[in-house]
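Single-structure report; data block below.
FYI, it's all coordinate maths here, none of it is from the lab. The shown structure was predicted, so the numbers you read here are calculated from the model rather than taken from an experiment. Reconstructed Cβ throughout: ideal geometry from the backbone, glycine too, with neighbour counts over all protein chains shown.
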Amino acid sequence: VSDNRDDHPCIFCAIPRARYLAENELAFALRDVNPVTPLHTLVLPKRHVEDFFTLGAVELEAVFRLINQCRDDISIGDEDVSGFNLGVNVGDVAGQTLAHTTVHLIPRRAGDADMPAGGVRCVIPAKQRY
Ligand SMILES: [Zn+2]
């Protein structure tokens, strides 16, 4: 997938296509191995890119098209899913731990959190409630 694996050893670039959950021409999807909720899905550009904000328009379109496809598959396959969180960690201070940008698609079900209000605001727990 990456054209320079030796320069950028990357666990995501090393994943064989046969293990992709889904893909299109510029993006692929995987299940998160440590899911926040069941069916927590990762959508990544095929190109090794660290910073989400440097993706090009065509790559962004491919990533978001695959996000929508995965959302549809999750919703059809699990009727308890009634919402989603969508998030990207950009930079060490934001919690990015791997050098291949990743969009998290996190299915939500009623009752999966005691206080779901605030959603992605809970990246800073003290700011979740307002
Ligand atoms: Zn990579």
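Some notes on this structure:
- Sorting 57-69, 114-126 by average packing, meaning the other beta carbons within 10 Å per residue, from highest down gives 57-69, 114-126.
- Note on the stretch 13-93: along the principal axes its Cα atoms extend 35, 32, 24 Å, ordered by decreasing extent.
- Spacing of the two label points (7 Å from each Cα toward its C-beta) at V33 and R121, in nm: 3.5 nm
- Between P35, P45, P16, the residue with the greatest mean-square fluctuation in the GNM of the chain (Cα pairs under 10 Å linked by springs) is P16.
- Using alpha-carbon coordinates, inclination of helix 57-77 to the longest axis of the chain, degrees: 50 degrees
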